[in-house]
Each structure stands twice: as structure tokens, then as C-alpha cells.
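> Can you read through this structure? Questions will come right after.
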Protein chains: 2
Amino acid sequence: MAKNSPNTKIRVHFEPDNTDIIAEPGANLRETALAAGVHINASCGGAGTCGTCKVMIKKGEVESIRTARVSDEEYASGIRQACQSTVITDLIVQIPVASRLEKAVLAREKKAMVAGIQPSVALAKGWGFNPPVSKLLLELPPPTLKDNISDLSRLLRGLKQQYDLTSVSVEFTVIKKLARVLRDGDWKVTVTTLRDSKPRLTVTNVEPGDTRARHYSLAFDIGTTAVRGQLLDLNRGKVLAQSLDYNGQISYGEDVISRIAYSQKPGGLKKLGRAVVGTINGLLQELTKQAGTEVKDISHMVIAGNTVMVQLLLGLDPKYIRLSPYVPTVNIAPPVRASSLGIGVEEHVHLYALPSVASYVGGDIVAGILGTGVYQRKTVTLYIDIGTNGEIVIGNSDFMVTASCSAGPAFEGGGIKQGMLATSGAIEGFSISPSNFEPMVTTIGGTKPKGICGSGLINIVAGLLRAGAISQNGKFNTELATSRIRQGEDGYEYILAWAPETQIGRDIVFTEIDIDNLIRAKAAMYAGCQTLIKSLGAKCSNIEQVIIAGTFGSNIDIENAITIGLLPDLPLDKFIFIGNGSLLGARLTSFSTDLAGDGQRIARMMTNFELSENADFMNNYVAALFLPHTNVDEFSSVKIKVG
Amino acid sequence: MAKNSPNTKIRVHFEPDNTDIIAEPGANLRETALAAGVHINASCGGAGTCGTCKVMIKKGEVESIRTARVSDEEYASGIRQACQSTVITDLIVQIPVASRLEKAVLAREKKAMVAGIQPSVALAKGWGFNPPVSKLLLELPPPTLKDNISDLSRLLRGLKQQYDLTSVSVEFTVIKKLARVLRDGDWKVTVTTLRDSKPRLTVTNVEPGDTRARHYSLAFDIGTTAVRGQLLDLNRGKVLAQSLDYNGQISYGEDVISRIAYSQKPGGLKKLGRAVVGTINGLLQELTKQAGTEVKDISHMVIAGNTVMVQLLLGLDPKYIRLSPYVPTVNIAPPVRASSLGIGVEEHVHLYALPSVASYVGGDIVAGILGTGVYQRKTVTLYIDIGTNGEIVIGNSDFMVTASCSAGPAFEGGGIKQGMLATSGAIEGFSISPSNFEPMVTTIGGTKPKGICGSGLINIVAGLLRAGAISQNGKFNTELATSRIRQGEDGYEYILAWAPETQIGRDIVFTEIDIDNLIRAKAAMYAGCQTLIKSLGAKCSNIEQVIIAGTFGSNIDIENAITIGLLPDLPLDKFIFIGNGSLLGARLTSFSTDLAGDGQRIARMMTNFELSENADFMNNYVAALFLPHTNVDEFSSVKIKVG
């Protein structure tokens, strides 16, 4: 095929999106897709190492670096890694199911959110409903020659006389419109005040007439994968609407490390900022539509997120978070105007971010501790949020220690041969016949399977282990009478589904390398727990309650998680799922000034352990590289069939 | 002459500037000049009432509304009021001397400023040199795994450990660059802090390395007519440079009332803001050049100005200042980022405006009271700043009353047939021969005369009164044997200079109407003093010191001012000139946090009297419409020849 001349523009057509874009010859194919608004998964952020961005070139020519991620068979069929390809001629590119972002699973969570049952045993107590942002009605006497103090002095005098408020600051944006608003409202106005943690009171808005009935706030959890938002009624303390969407940054890399890497590219920090703000603004429209409210009546915004997410949203370079000794720019950020970040609310809306503890223990964890009231009770609690970076907190009202465990991406399907995010088609449920070792799998969305998600992995390993199909060091028992276990290209593997039963038209398998990855992930989490417990001079049995936070955690089977040695071997009734602790904490912070102050107290109270260079952690980690553990006494309840 | 078709563009050439501009047919000639950057005086701001914007159409055609301000003779010679004319064809327009802004007199003041002698008897005392803005050197330990708190926490810990500073706020702009600056400076940085009046401490800047040696501030007096600025060294408490220029707003009207009127036109408020900011930025360049410093090393800015000037600079609509009951939006404005107003300093520079007392008693007066220490002494002082709006303060450390007298523009040459600003060619000195009534006049700049300035008016009336050439009710003695007094087109007049002796080629005269205007102006000032004195239950003789502030005041002859009844009849040694009290106060505020707090105290301490609808003031005013006064006992020292 004749190549285009260098000046020719190239048309790239993406399927199944049916989206076209004009590109320069030599443009990177993944970036071209990004520019066209077409999502291609890319766990590694475009480094070429993960293989999740595979596409099929149906027509036209690309120049491509081939890595071990593309098999001979795939290569022959036109499969290329988008991030490793540059466009040469006009193209028709097919994004395979495995590389697409599926929104179905979010719809599942959306339903669950609306149901929204919060276990009251793990909820902060003793707080008053007194939002940091208030609306006050002021009826002022109009000026006369005998009383012609400035408009601002009249406002402040009114606040003092009618509400006994003194030492009030007034934002310049309020002063700018004050003369007009006072007269438009015929000296009857609604004043919005913001109380910060010092505590200091600031007037952030003034509106003509009585607008007190319209007084809302936003609570957002800014997750690495998904962004979850709620619209709150600040008069009645109610959730009026809630929704969620994938974090728009996901196209630039799936974990915080690839996001940080992307932020270091020219313009990267800005692009990441715009991406998450785009997601927030989309949700904002949806929330106000759901609730039948107007954006202009939103008075406040509280967010919680991990340290990297918060820094990216605030436009702070996260470079040093990734480099030892892992220093964030800020843990306790001052409130900023949400509009200054591009968020589509009115100028007077301040955004408060829940404080972080350290580079890898963020405001989402502080929010969870706040919302669940761990810091208020004597009960010694293990709070655990499992993920690529699993965060652990152990403590009560007297003390709190925390650590982040770099578990790797296995829990989110990363580094697993046929792993995937917990979206439609992911194998989650697994059981195995102890007699013929045939599996029974269920998928998210009930569709034909296309891969394996993190919670599925736990169930699969636990099932295989109990059935004696794998040994405690994670090797397949190759002597079993089953065709399900075979020698694959990456060593031994177990066939979860035969090609005809799948969406992807090839066998879905689970390999010894996958088992190894999962063992390392669970070992990191468990070793983190052990290290913290030991640092307190305590034992596992001292833990009186385990709170499992996060979307991933909500979907795991506790018994199976104990069986593989991910969670400590404690009675099942000690475990509580609380779902999204981050959003819970953000919401309560928006409802209560008392709790807003507690956020900083919690962040300061927590002692962070950096595990990455901690010798004790390394020992615990090595000891945990076994199913469930090298020390059988730690998992006395786990019954496995020793093969 | 054939008119241009409506689509034709018209070329307007201005002399003596030699500036061309292309205009639309029908464009207003004065606005065309403004657009071309050519200044034409316009006391009334373009209403057509003052006649100061006269121009000569040397070639081409305008359409013009003729008012009484243009004589038959002028009209025949091609003289038109620019504000009343629209362009029809290509034009050559001559701006006559009388309509031009002369910078010579500013050069005179510039010299005087550099000499800069401040009478120490009237200077605030007992203040420490402790600028609100400080630079602190911090040497921080680099982070390690055992000490990996956030960059911000490290900074705050350093401020606490090394300077014992707690409860410090940090601006988000600082947080944005913190990670980079800390590492660029290898953990040695200079922190700029701002202490406000609460007192609260805010970190406004952070720079790599030790920049303490470069630490400057700006003090500005934003006058209606002129803007005066100083560049200050905050390490040594020295004035490094000073300069002044006409306020760029002068092209939109000469007094505050015409500025307010202009601000109500579409885009007017923005244009006025840009005009004064342009003036400030020009001076900023000049000041840093003079001092050999760089703009980036400026840490702070303090301004003082009347309430209208401050509101216009801050972009606050001054509409309600002009309407009864005369309410400003703000008297005590919070500090704003100077850069947000367009001032060409770095983002971290906060602008602090000295507080006002009321719509017509501004921060310039508060600055003067602050700088002269009136509020610190027991001495009962009359502080007076004479101008279109003359401000008066009477008080001491126990009490203070103030009022603004709407004297009208006479003191600035307005409303006077051949009046002008105190610029080059203005008649200022005047004496008269008691025998033949011939005058001797001197002008500013020593040039041929072209008009009469305000201080000249006082000297002329006092001279004519002493010589018996005018009566105590301001009428010419027409029976004197002199050709200098004649019947003119506006009634009787005195010829100060014959046409051949002038720059303008016609007789410079002083009319009975002019005398009447001056009498009304001085009566307003004096009645204001009387009203305040009476409000205190005191008498004129209780005044122990008179401080005369302002450029105009600095040029008046005290004896003559008493002779005409403008100033109270007190011994001459009680009078002190302090020049620009506004700039003095702004400078001291920049040098001392103590005094910065005193500014608000003074503003709150002053009781403002609105004279415009005060019956006592009206009685005093009517009684003062006589030379020197209807009550001769009040001016017993004045010896006049009763004709």
C-alpha cells in the first residue's frame, strides 16, 4: 500500500464507537484515540507493559513495536498495542471488548447507592447538624443621612445585631456586588457564611431576598477509578441525589503511579486536572437534574480522595509523592474556590478537601475513619480499604496507626493474564466440584465471561485451594484427573471457561503466574496488618472490629478472603462492610462543622508507617507468601485439603 | 465641501501632538481624542458645561452644539467645544494651550518631593519599625523516610521552630509552587509573611535561597488630579524613589462627581479603573528604574485616596456615593491582590487601602491624621485639606469630628472664567499698587500667563480687597482711577494681563462672577470649620494647631487666606504645612504594623458630619458670604481698606 506523503492528513475510524478523527502521520494511536474521545484501557498509562490497550487494525497500516504482550496468533490477526503504534495510513480500528470501558458495573453500584443502607454500628456519633456553610436572612434598615455608614458596615452591623456574629471576614467578591444586591433586595438579603476550622467566619455570598430554602452542597469521593458524588440538602440534612462515573483520568493510566508519570509529561498535569474536572462537571449536571435543583443554589463542596487524586484536582504537581521519601506538597489544603479549578459552580462555592495523612494515606481514609466514628470509640478497630494501594488503619479513640500497602494491581485485575476491572462480563463467583474439578462461574451483569476481576480471583484461589487443586505455595496439582488443568504458554493453568462459552472467543484461563501475583498482593495487605499490630505490641486477636471499606471490599467474600490469608482469621461477625467510606465522610463533613474539625484532628492523630523500606514488613511479607500463611496458627479456622 | 459617505473612514489629526486617528463619521470629537491618547481638559467630564475642552478646527468640518461657553469671536475663529462636536470630514484639530495638560508643575512638585522635608512637630510618634510584610529565612532539614511530612507541614514546622510562629495561614498560590521552590532552594528558602490587623499571619510568598536583602514596598496616594508614589526599602525604612503623574482618569472628568457620572456609562467603570492602573504602572516602572530595583522584589503596596478614588481602583461602583444619603460600598476594604486589579506587580503583592470614614472623607484624610499623629496628641488640631471637596478634621487623642465641604471647583481653577489647574503659566503671585492699582503677577514656571490657578485666586482677591479695589461683598469699586477695571461681557472685571503679555493672545481677566465663585468656595470651607467647632461646644480660639495638607494647601499664602476668610483668624505660628499627608500616612503604614492598625482605629474614631443638609452649616455658610465674614469679630486681625 502506498504510504501517504508527510503532509497528508490521515483519517482514523474507531469501532464500535463509529468515531472519526483526522491525525498527523506518525501520531501515536492511543493518543489519537484519546484525542477522539475514544477510551482504550491502559493500566500502565501507555508504557507498553500491561497489554490492556490491544486493538485490532481492520484496515490500513500502523508502525508498531511488538512486545511479549502480543502473541503470534494475535499479531497475525492484526492485534496491536495502541500505545506502541503510530498511524501511517487511513485506518479502521476495532476496540475489542477487553479494551473497552464498560459502564454496566457502575450502573449496578448506582442502584446500590440509591438503596444506601449504612450499618449504624459503624457511624460517627454525637455530632450536631450544623453545616459549615449557613444561610442567614438579614433585614436591614435602609440608609438615611443620620445613618449613612458604608454598605459593608451595615451588613456587618446587621450580622452582629441580628445573629450576634462578630469578627466576620467578607470576601472581596461579595463586596463587589454588595451595593447592587442590597438595593435589589430592598435591604432584605440572604448572607452565606462559611465557618472554617480555626474557627473563623467568612461571608462568601449575598443574594437579594430570602433564598434560605435553596441551600445545597456537594459531597464527592474522587477515586482513582471512579468519581462518586452526592447532592445534599443543607436545610434538611438529606441526600437528594447521587451518582458516579469513571474518573476521566482513567484514559491516562489506571493507577496513581501511571497518573503521576503522565503528570510529568508536558501539559500532563493540566490534562489530568481537566479530565477529572470534566467528570465532576458531568456528575454535577446529573445530580442537579435528578434533584430538580439549580447549580446556582449550591453553597459548598466537600471532597475526599487519595493524596494523588486531591493534588491532581488542586493542580499540585504530585512528582515527589512517587519518589522516596514520598512527600506530598500538602496534607491539609486550605479551601479553594471550586470555580478556580474549573468546576462549574458559582464563584462563592469553596471546595474543602478532607486532609491526608501521607502520600499514600489520603483524605479518603481520613473520611472513612471520620464517617465510621472509629476515632470516637474505645473499640480497637481494623479499617481496611483493599486496592492497588491498600490502606490499613488500626486504632480507636486513643491511638491510630496507618500504612499503605503497595499490593499491586492484582485486586483490580491488573497483572493477571485475563484480569479485568470489575465490570460487565468479569468472572466473580466461583465454585468447584470436589469430585471432577469442574467449575461453576458467575459474571458481573450475568453475561458471558470475558475475564476475571479482583473479587473473582479471591474466590477462585480459595475454591481451588479448598478442593486441593492447588497447593499452599500456589502450584497446581497436575496429577488430578481433569482436563481443566493443563500446561499453557505461561506454565500450568486452569481453564475457567472454554472459548465458545466466552465473549472473547478464546479460553479464559487462570495461571500459576496469576496465583503468584495474587499471593503477593494478599501477602502485602496481610503483612501490612501484621506490621501495624506488632508496632502496637498487640496481637491479631486484640482486634475487636474489622471495617471493610471501598467498592472492591464490598464485593469480596470474607470467608474466602480469610481462606487465602488476605484478611485476618477472626470470627465473621466482627466484619462490617461500609461501602464507600470516603463519600460517607465527605457527606458528614458537609453536614457538621464539628466533624469538619475532626477531620484535621484524625489526620494529625494518625501515625503513618512507611512500609516500603521497613524490615519488619519485609519479614512479614515473605512469611505471608503462602496459602493462607506459613504460620498455620494464624489461620486455625481455615480447613484446606492438603494434596 | 462634499461630505464623506457614511462608510468612509475619517482621519483626524491633532496638533501640537501630531497624532492621527481614523474615526467613524459622527464620532464625538472629545472621545476621538481620548481614543488617540490626546488629552483635552474637561472639568465637567464632557457634559458641555465647563468650556475647558475648547479646540480649534483648522481644517475640515464638525457638527457642533454651541453653548454660551463659546463667544461669537471664538466661534468665528473656528473654536468649538470638543465634547459638543462630532466629526464629519477629515480634520486638523489644534488643542489650544488652555485645553492642554501641562506637566511642568508636576516637575516642580517632583523636585519638592525629593527635598522631602517633613515638619517633625506634626509626625506620628511612638511607632516601631515593623512592616506588616516580613521576609524570613528558613533552613529546613530535607525529608527522609523517618520524617516525610508534607512540604507544607515542613514549612509550618520551620516557622514554628525557627521563628515561634503558630496559627499561620498559607495562600494557595504559595502551595502551588512550594514543592518546586523548596527543592530549587535546596531546603533553604525565604518566606514572605503578611500580618493583618486582626492580627493574623499569612504566608504570601516563598522564594528559593536567601532573598531578604531585596524587600521593597510601594506607597501611593491616589489623588483625583494626581497620583503620587514612593518605592520604600522595607529593610532600612527608607524612601528609595518617588514620583508623580496626573491621574489618567483626568481625561474623563476633573472632579470626583464627573468621574462617578462617567462610571455609570457602559464600560465606564472599567475604563476608569484601567486609566488609574495605567498611571500606577507607569510610575511603578519609573520608581524601580530610579531606585535600580526589580519589580519582582516588591513585597507590599499601601495606597491612600479619597473614597471615590479607592472604590474606582478596586472596581467598586461608586454610584451611591453621589446620591443622598451618600453611602460608599466599603470604608474598610479587605486587602486584595494588586495584580488582580491589573497592577504590574507579582501575584503575591497585597494592596492595602487606608480605610475611609464616609463617602467624602476618605483614606487620604485618615492617612494624614495617621501620619501627622493628630490622634496621638492632646493638642486640639484643625486638619484641613482644601480642594473641590475640602476635608476638615478637628480633634485630638480623645475625639475627632470630620466633614467634607463641597467647595466647588474654584480652588482648582474650575468655574472661573480664565481659571486653570496649578500648572505652567497659571498666575499665582499677585500684588497691586495701592496708588494706581496696577498689578504685578507671577506665574508657575515663570512663563507668560495663560490663566489663573486656585492659590492665585486667593492672592488676587486678598490683594484687591486690601487695596479697596473690591468691596467686602465682592463688588468692584468702579470709581477708581484705573483702566484695569472695566465692564466686560460678564459684568465688571479686572484685567490681570493684557493680551500681548499672555500666552493665549487675549486679555486675562478676573470677573465679579469669579469673585462670587471664590467667596462661595471659601464660605463653604469656613462654614464647615465653624459647624464642626460648634458641634464640639468650642470656639475657634480653642484650636491649638492648624495642619494644612495637600498640594493646593502647600501653595497658599496663609495671611491672604485669612484675609479673605478662608482660614480662621489664628496666629500664623499655629499653622503648619505638611504637603501630601496621604502619601505620608501610606508610607508609615507600610513601615509599621502598629500604625496599620491605627488606621482603622482612626476611621472608627471619627464622627462624620454630613453638611449638605445640615441647617447650622447653611446658616454659617450664608454668614460667610462676605469678605472676610459678616461677623467682623471673627477676623479681628484682618485690616482692610473700606472703600
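The values are calculated or read from the model by the stated rules, or taken from the named source; none is laboratory data. No experiment lies behind these values; they were computed from the predicted model shown. Counting neighbours? That spans all protein chains shown, and the Cβs are built from the backbone with ideal geometry, glycine included. All accessible areas refer to the heavy atoms of the entire protein, side chains included, with ligands and DNA or RNA removed. Shrake-Rupley method; radii C 1.70, N 1.55, O 1.52, S 1.80 Å.
> For residue B:289, give me every one of the lysines with a C-alpha distance below 28 angstrom, ignoring sequence neighbours fewer than eight places off in its own chain.
List returned: B:103, B:110, B:111, B:135, B:238, B:271.
> Nearest 5 is fine: what % of DSSP beta bridges in the stretch A:216-353 come out antiparallel, could you say?
Roughly 60 percent of the DSSP beta bridges within the stretch A:216-353 come out antiparallel.
> How long are the semi-axes of the equivalent ellipsoid of the stretch B:10-99, taking √(5λ) for every eigenvalue λ of the Cα gyration tensor, in whole Å from largest down?
Whole-Å semi-axes of the equivalent ellipsoid: 18, 14, 12.
> Among B:588-600, A:426-438, what's the highest-first ranking by average C-beta atoms within 10 angstrom per residue?
Result, highest mean Cβ count within 10 Å first: B:588-600, A:426-438.
> Estimate the FRET efficiency between residue A:139 and residue B:347 by the formula 1/(1 + (r/R0)^6), using the beta-carbon distance for r and 35 Å for R0, to the nearest 0.05.
My answer for the efficiency is 0.35.
> What accessible area per residue, rounded to a whole number of Å², is obtained for the stretch B:312-465 using a probe radius of 1.4 Å?
25
> Something else: Could you check the spin-label model distance between residue B:489 and residue B:615? Points 7 Å from the Cα along Cα→Cβ, value in nm.
That separation, rounded to one decimal, is 4.4 nm.
> Further, regarding this structure: Could you go through the stretch A:429-438 in sequence order and give the Karplus-derived ³J(HN,Hα) for each residue, using 6.51 cos²θ - 1.76 cosθ + 1.60 with θ = phi - 60°, rounded to whole Hz, and x for Gly and Pro?
Along the stretch A:429-438, the couplings run x, 8, 9, 9, 6, x, 8, 10, 6, 6 Hz.
> At q = 0.14, 0.18 Å⁻¹, work out log10 I(q)/I(0) for the stretch A:501-599 with the Debye formula, treating every Cα as an identical point scatterer and leaving solvent out; two decimals please.
Computed log10 I(q)/I(0) values: -0.76, -1.02.
> Please compute the length gained on full extension between residue A:213 and residue A:447, using 0.36 nm multiplied by the number of residues separating them and subtracting their Cα-Cα distance.
Between residue A:213 and residue A:447, full extension yields 79.6 nm more.
> Roughly how many Å² of residue A:11 are accessible to a 1.4 Å probe, to the nearest 10?
Residue A:11 has an accessible surface of roughly 120 Å² with all protein chains in place.
> Go through the stretch A:589-602 residue by residue and turn each phi into a ³J(HN,Hα) via Karplus (6.51, -1.76, 1.60, θ = phi - 60°); whole Hz please, and just put x for glycine and proline.
Taking θ as phi minus 60°, the curve returns 4, 6, 8, 9, 4, 4, 5, 4, x, 4, x, 5, 4, 4 Hz for the stretch A:589-602.
> Need the per-residue list for the stretch B:160-183: every residue with at least 20 Å² less accessible surface in the complex of protein chains than in the chain by itself, probe 1.4 Å, sorted by number.
When all protein chains are present, B:169, B:172, B:175, B:176, B:179, B:183 each give up 20 Å² or more of accessible surface.
> Here is a further query. Could you give the C-alpha radius of gyration of the stretch A:455-561 expressed as a fraction of 2.2 N^0.38 Å, taking N as the number of residues it contains?
For the stretch A:455-561, the normalised Cα radius of gyration is 1.30.
> Would you please report the Å³ per residue occupied by the convex hull of the alpha carbon atoms in the stretch A:133-208?
Taking only Cα atoms, the stretch A:133-208 has a hull volume of 81 Å³ per residue.
> Cα axis of helix B:454-466 to longest principal axis of chain B: angle in degrees, 0 to 90, nearest 10?
Helix B:454-466 and the main axis of chain B meet at about 40 degrees.
> Treat each spin label as a single point 7 Å out from the Cα along the C-beta direction, and report the residue A:534 to residue A:379 distance in nm.
It is 2.8 nm.
> Can you work out the FRET efficiency for the pair residue B:22 and residue A:339, with r the C-beta to C-beta distance and R0 = 35 Å, to the nearest 0.05?
0.30
> In addition: Divide, for the stretch B:203-349, the radius of gyration over alpha carbons by 2.2 N^0.38 Å, where N is the residue count.
The reported ratio for this selection is 1.10.
> Can you tell me the 0 to 90 degree angle between the C-alpha axis of helix A:268-291 and the longest principal axis of chain A, rounded to 10?
The helix A:268-291 is inclined about 70 degrees to chain A.
> Additional query: Pop a pseudo-label 7 angstrom from the Cα along the beta-carbon direction at both residue A:11 and residue B:56 and give the gap in nm to one decimal.
It is 7.2 nm.
> Taking a probe of 1.4 Å and counting only protein heavy atoms, give the total accessible area buried between chains A and B in Å², rounded to the nearest 100.
3100
> Related question: Rounding to the nearest 10 and keeping the result within 0 to 90°, find how far the Cα-based axis of helix A:104-115 lies from the longest principal axis of chain A.
50
> Any chance you could list P(r) for the protein assembly as shown, counting all Cα-Cα pairs in 10 angstrom bins from zero, rounded to whole %?
Each 10 Å bin holds this share of Cα pairs: 2, 8, 14, 16, 15, 12, 10, 8, 6, 4, 2, 1, 0, 0, 0.
> Write down the Kirkwood hydrodynamic radius of the stretch B:360-643, to one decimal in angstroms, obtained as one divided by the mean of 1/r over all alpha carbon pairs.
Result for the stretch B:360-643 stands at 19.4 Å.
> While we're here: Let me test this: with uniform point scatterers at the alpha carbons of chain B, what is the Debye-based log₁₀ I(q)/I(0) at q = 0.07, 0.08, 0.09, 0.11 1/Å?
The Debye formula, applied to the Cα set alone, gives -0.50, -0.64, -0.78, -1.09.
> Counting only other chains, what is the mean number of Cβ atoms within 10 angstrom of the Cβ of each residue in peptide B:320-332?
For this peptide, the per-residue mean of nearby foreign Cβ atoms is 6.
> State, in angstrom, two size descriptors of the stretch B:299-369 derived from its alpha carbons: Rg to one decimal place and Dmax to the nearest whole number.
Taking only Cα atoms of the stretch B:299-369, I get Rg and Dmax of 12.2, 39 Å.
> Also: Tell me, what % of the accessible area of the stretch B:216-353 is carbon and sulfur with a 1.4 angstrom probe?
Answer for the stretch B:216-353: carbon and sulfur cover 49 percent of the accessible area.
> What's the average, rounded to a whole number, of partner chain beta-carbon atoms within 10 Å of each residue's beta-carbon in A:141-152?
Whole-number average of other-chain Cβ neighbours for A:141-152 is 6.
> Considering amide H positions built from the backbone, and no H for Pro or chain starts, which residues 5 or more places from residue B:453, or on another chain, come under 5 Å of its amide H?
Amide H neighbours of residue B:453: B:420, B:427.
> Using a 10 Å cut-off on Cβ to Cβ distances, tally the other chain neighbours for every residue of A:604-616 and report the average as a whole number.
Mean inter-chain Cβ contacts per residue within 10 Å come to 1.
> For residue B:544 and residue B:129 in one chain, what is 0.36 nm times their gap in residues minus the Cα-Cα distance, to one decimal in nm?
Going from the current span to full extension adds 146.5 nm.
> Please list A:324, B:167, A:258 from largest to smallest accessible area, probe radius 1.4 Å, with all protein chains kept in place.
Highest to lowest solvent-accessible surface, that is B:167, A:324, A:258.
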